[in-house]
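Written below as structure tokens is the structure these notes are about.
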């Protein structure tokens, strides 16, 4: 897949990915775009709060001019327009004492809580005692429009993800196609359910994490990042490259963990066409020993007879890339198989020999 084919495919389904307000068709209440989510532990520590401030500053460096409005506060929310002064105030607020106070904030390219912004950065950071007693996780999440991948945007997004992972040091998280919702999420959960049924490559992330999410990762997307002490249970980087023997899959170690990228472009996973995207399945088969055993319920359940996710269907969705039992192990495709170090050395030697032969032939010809 290349840029042209990806956007052609995405644009063909763009209408399905946008749900607008009944009273104003110019304002989406739910949409699909790029969503990155990071689940952190011990984010009440001063050094971790400093890292979160650095991550927000990095987002603002790239997209701060898109932000117009947001809030800061946990028990008392202060809503305000976004400006350089608000950004500096937020950076100071993030680094407040996490042992004494929780913190939460959100800045968006859209005014108000009713509609999602194409650009958005938000965080929920529990106070120390709450994390210790309830095993809570801190959550960082941001949105970008899909058009940010155009041109050299894909490389910029890749650099952004590596930068964010190095700064935030997440326990686990994902980035890729996801549902961008507003704070009125309960009103549209039945729409989310239908969208996730039709497009398996679209992720659903939550700001409030289940306490069991400390025991394993919960989502798999285009980018999946997992802390080093979990990934090490699967073996070395060389072991992972041998298992994920396909050059289209990125295995990208960094100081605190490993990023797994399932292909050069995200997959829609249209249920009627490609319900199990090949590269997502390959990454899933290797990583699933690290997956949480029970994700819990991602929705509140039905309130008026409409279908929403419950605990059973949420766990089915989490396992959507699992292969049926007794499926034969996939063999590496010769077309995309990784070249081993020994093979690369042999190729280099052959190339040098061939270059030497051409050089000698050219010298002999010049002497004739």
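Take residue 298 and decide whether it is modelled with pLDDT of 95 or more, under 30 Å from residue 103 (Cβ atoms), in contact with a helix residue (DSSP H, G or I) (Cβ under 8 Å, 6 or more places away or on another chain) and buried (at least 21 other Cβ atoms within 10 Å of the Cβ). No, not satisfied. Residues that are part of a loop (DSSP other than H, G, I, E, B) and out of contact with any helix residue (DSSP H, G or I) (no Cβ under 9 Å at 6 or more places or on another chain) within segment 80-100 comprise just one, 83.
A single entry from 179, 124 fulfils the requirement of being assigned to a strand (DSSP E or B), surrounded by 23 or more Cβ atoms within 10 Å (Cβ to Cβ) and touching a strand residue (DSSP E or B) at 6+ places or on another chain (Cβ under 9 Å): 179.
With the requirement that a residue be buried (at least 19 other Cβ atoms within 10 Å of the Cβ) and either in contact (Cβ under 8 Å) with a residue 60 or more places away in the chain or outside any helix (DSSP H, G or I) (or both), what does segment 216-236 give you? Correct list: 216, 217, 218, 219, 220, 221, 222, 223, 224, 225, 226, 227.
Screening residue 308 on (1) at pLDDT 90 or above; (2) surrounded by 13 or more Cβ atoms within 10 Å (Cβ to Cβ); (3) under 27 Å from residue 215 (Cβ atoms) shows it passes everything except condition (1). Considering 146, 140, 133, the condition of being surrounded by fewer than 21 Cβ atoms within 10 Å (Cβ to Cβ) and either touching a residue at least 12 places away in the same chain (Cβ under 8 Å) or under 21 Å from residue 299 (Cβ atoms) (or both) is satisfied by 146 alone. If I filter segment 271-283 for residues that are at pLDDT below 95, loosely packed, with under 14 Cβ neighbours inside 10 Å and at negative phi, do I get at least one hit? Yes. Just give me the residues in segment 1-36 being over 18 Å from residue 269 (Cα atoms), more than 19 Å from the chain's Cα centre (by Cα) and surrounded by 15 or more Cβ atoms within 10 Å (Cβ to Cβ), in sequence order. 19, 28, 29, listed by residue number. Only one entry of 29, 35 meets the criterion of being at pLDDT 95 or above, under 25 Å from residue 189 (Cα atoms) and assigned to a strand (DSSP E or B), and that entry is 35.
The values are calculated or read from the model by the stated rules, or taken from the named source; none is laboratory data. Just so we're clear, the structure is a prediction, and the values are computed from it rather than from any experiment. Positions of Cβ are backbone-derived with ideal geometry, glycine not excepted, and every protein chain shown enters the neighbour counts.
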